[in-house]
């Protein structure tokens, strides 16, 4: 970036962007009142859920999930939506307004991998989903899979990442040539919101400890505010142990002794790093479930691996990540019985080792693996 | 050592808003602003000067130590200007070392690869925060801070080697401590001084002592005292 801009104009642009951000924050907004929204259904009533099969291997693995749900008798009716080929001006994205409205209406959805469209003039798909649906927390349970050996056997933790602000606020500017700044923003509102979700999740899922990951010894005000909010929420959950762990110690402990962690709650950047680190501990993104929690109790589960265009359409893809994400969605809907049955079926299939897809070192096709899971239900 | 500039002073005198004042910027310092109650900012500053400097050292180190690859760790897909500037500087330096392979790895992919397959990495060069995280992560991969050497490079060719573990007051004075981290850091200092022969001999002595397993301090699961372990290393030289 060699064009010499006047420092004050750059700063002003950054300042304007900051003012817009603050306007979004300062306006009254409903907090996550529906964090624990209960989807009570009467027998026979189906829940509508949005499905984004996605690109590449997405449609195949989405098909696997549908099959498994059928066998398990899950009362879900899917509304399928696809990424469009033209930018929808209402969303400034390839995702249409109707797709987003579908998730807002159903409050629950499952998303496969989406390839990033090239070009300008539109927002990225993930950014669109995040902003339009108010997705504020990314939740990834990481559990060592019995029968699939990694260096670590005892991983049983959940990472909860604040997903709206922090280092990813997108506010950067050049001060003078050769000096660039990026703003990291932490707000009380967003920190409280993710902390509330973390403790709620811990309680709802029988977890015993919540660890807030930070670097507040250096970033005293930003990470300090995050911690302050976590402490406030912790007081409301005296039965749950709360601790604070510095990010570098956390990483070191994760690679030495990951079994010591339970629920981790973190601001955006640390969450990005730690959640991928933990995915690596259990075998990678192909096995890791994930779900995003949005305002008003929205839950959008998603597979976080790529669309793998090179194996797309060849019946080779591993649907485990999407299946486990779908299980998370079922737990959110409190269909715990079906969730457990499907989850156990997946674990058993992998543990037995007879039907494994290529990425796990096996030879099975997607359909064979899916059938094996169905048989185990 | 810092680069200083002043940014405009912004003062709002509206109720609920707090004065924001920015004065001095020097590289590595983090500034804090409280803009409104409940909203805090922290500034991440990347300068061409500092990025070039550390990139130059990274490639120089790689070449001097026979390393084949330098990987720059970043999140420039999100932090386009700051990490983007860091990468730009790394690329400029990389061009001067065509014999060394240069690559760029996003921080989250890097962590995932480190825990799955750390052997794929060679030299990693990073801005401050990622470096803090990754260096401790890597120390954990090999057994912790008690075994990890470290040295700090300063302007004018200063090299300050250091043990990065704590002072362990509970075992202090009891002849129980593990001197490996400090010994290995001292070896780094010797290599910096190009006393490569002695550095190699001491390094090999340490590796052999640990490998044989006969003399190990308590933190490594052994029963030896500091002096016994040290004597064993000396015997191996």
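The values are calculated or read from the model by the stated rules, or taken from the named source; none is laboratory data. Not measured: the values here are computed from a predicted model. Quick reminder, even Gly has a Cβ in these numbers, built from the backbone with ideal geometry, and neighbours come from all protein chains shown.
For the reader, a short list of remarks on this structure follows.
- Of the helices (runs of 4 or more DSSP H) lying entirely inside region A:245-357, those containing at least 3 residues that are more than 14 Å from chain B (Cβ to nearest Cβ) are A:320-332, A:336-352.
- Within region A:185-217, the only residue that satisfies the criterion of being at the interface with chain B (Cβ under 7 Å from one of its Cβ atoms) and free of Cβ contacts under 8 Å to residues at least 60 places away in the same chain is A:188.
- For region A:232-244, a residue qualifies if it is more than 13 Å from residue A:214 (Cβ to Cβ) and not in a helix (DSSP H, G or I), and the qualifying residues are A:236, A:237, A:238, A:239, A:240, A:241.
- Taking region B:47-166 as the region of interest, the strands (runs of 3 or more DSSP E) fully inside it that hold 3 or more residues being in contact (Cβ under 8 Å) with a residue 24 or more places away in the chain and outside the structural domain of residue B:219 (by TED's automatic domain parsing) are B:69-74, B:101-106, B:123-125.
- Only one of the listed residues (A:269, A:285, A:264) is surrounded by fewer than 24 Cβ atoms within 10 Å (Cβ to Cβ) and touching a residue at least 24 places away in the same chain (Cβ under 8 Å). That residue is A:285.
- Single unsatisfied condition, residue A:227 versus (1) within 14 Å of chain B (Cβ to nearest Cβ); (2) surrounded by 23 or more Cβ atoms within 10 Å (Cβ to Cβ): (2)
- Filtered residue count, region B:148-165, keeping only those that are surrounded by 19 or more Cβ atoms within 10 Å (Cβ to Cβ) and within 14 Å of chain A (Cβ to nearest Cβ): 2
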